[in-house]
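Just below is one structure, and these are the notes that go with it.
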Amino acid sequence: MEALYITGHTDRYHSWETMSGYQLALLEESGLFRVDTLLLPAAVTEEPVNFSAYDVVILNINDVQWPSPWKNDFEEYIHRGGGLVIMHEADNAFPEWEAFNEMIGLGGWGNRAEEAGPYHYWTKAGWVTDNQTPGSAGHHGERIPFVINLRQPDHPIVKGLPMQWLHTNDELYGNLRGPARHMEVIATAFSEEQSGGTGKEEPVVFTIRYGEGRIFHCVLGHTMPGYYDALKNRGYQLLFQRGTEWAATGHVTQKIPAGLQLSTSSPTLREVKPQVR
Ligand code: ZN
């Protein structure tokens, strides 16, 4: 499969270099993708990007602008059946781009507030869409371990994984807002108030359909230079690899590794040698 990895610029709270090193290594490890890398903002020109040459586009960017023709081409690419992967702060990007916000379902920060759409969270009674509560979009508490709870265990991205496992120290995004149309929540996690969280069961892994396109959105994976605890988590690694394949094709052929141990008692970690661009 052909993948386009777009990176090169993010906000001052994150490290695109760190994230791209690990994500590119994970794509290579899967053996499924031939990857082109596009580094922004140097590569932002009026020259078109041939998105349609790719099965999937992975965005590891924030605080960067795209020229209008890129946006138009990208919307058409996804609408016609392209694949898109959004991890962690990539859902902070492009707050003013309406179609992008449709594609990602929910977003945070970037001055997003009520007009971005309702809050969405999970309760035992089901999915809550909150149009009433005012406030900004995007929140996280301290970086602590938290349990991932599957809500759609038969979805191809997670089929065969345990219903729960412990994720490593990470920012648990909450209070995201967005149109959330054609969205399916695959996993949630509880954001504890005593560590500065929202007190809600927040969506952490979800998919969105935009036209014929498939979007895999996972809020896990905070990075800073030299800090990448979340990316060592075996669950994160499998979600990224399997979610990217699903976004590209609608199927997942990767096997769950034999002897995989994911539990709620301690996080399962595995170092990956980052790929140097
Ligand atoms: Zn972060």
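In the chain, what % of DSSP beta bridges are antiparallel (nearest 5)? Rounded to the nearest five, the antiparallel share is 60 percent. For the stretch 130-228, taking the reciprocal of the average inverse distance between every pair of different Cα atoms yields a Kirkwood hydrodynamic radius of 14.5 Å. Here the chain was treated as a single set of alpha-carbon atoms; its pair distances binned every 5 Å from 0 give 1, 6, 13, 18, 21, 19, 13, 6, 2, 0, 0 percent. The stretch 1-81: which GluC sites (Glu not before Pro) are DSSP loop and have at most 10 other beta-carbon atoms within 10 angstrom? Passing sites in the stretch 1-81 are Glu46.
The alpha-carbon of Lys273 sits under 29 angstrom from the alpha-carbons of these lysines, leaving out residues fewer than 8 places away in its chain: Lys159, Lys232, Lys255.
The spacing between the stretch 160-225 and the stretch 236-261, judged by their C-alpha centroids, is 17 Å. Considering all C-alpha pairs of the stretch 106-175, those separated by over 17 Å amount to 58%. Taking the accessible area of the stretch 229-277, probe 1.4 Å, and keeping the other protein chains in place, the carbon and sulfur fraction comes to 53%. Projecting the Cα atoms of Trp97, Val185, Asn50 onto the dipole axis of the chain, where Lys and Arg carry +1 and Asp and Glu carry -1 at the beta carbon, places Val185 farthest toward the positive end. Between Val276 and Ala43, the simple spin-label model (points 7 angstrom out along Cα→Cβ) gives 2.0 nm. In order along the stretch 71-85, the Karplus-derived 3J(HN,Hα) couplings, from 6.51 cos²θ - 1.76 cosθ + 1.60 at θ = phi - 60°, round to 4, 4, 5, 5, 4, 5, 4, 5, 4, 7, x, x, x, 9, 10 Hz, and Gly and Pro are given as x. Calculated FRET efficiency, Glu29 to Leu260, Cβ-Cβ distance, R0 = 22 Å: about 0.90 to the nearest 0.05.
A Gaussian network model of the chain, with springs between Cα atoms under 10 Å, assigns the largest mean-square fluctuation among Leu59, Leu166, Leu39 to Leu39.
The values are calculated or read from the model by the stated rules, or taken from the named source; none is laboratory data. Quantities reported herein were computed from a predicted structural model and do not represent experimental measurements. Positions of Cβ are backbone-derived with ideal geometry, glycine not excepted, and every protein chain shown enters the neighbour counts. For the accessible areas, the whole protein counts, side chains as well, though only heavy atoms, and no ligand, DNA or RNA atoms are used. Shrake-Rupley method; radii C 1.70, N 1.55, O 1.52, S 1.80 Å.
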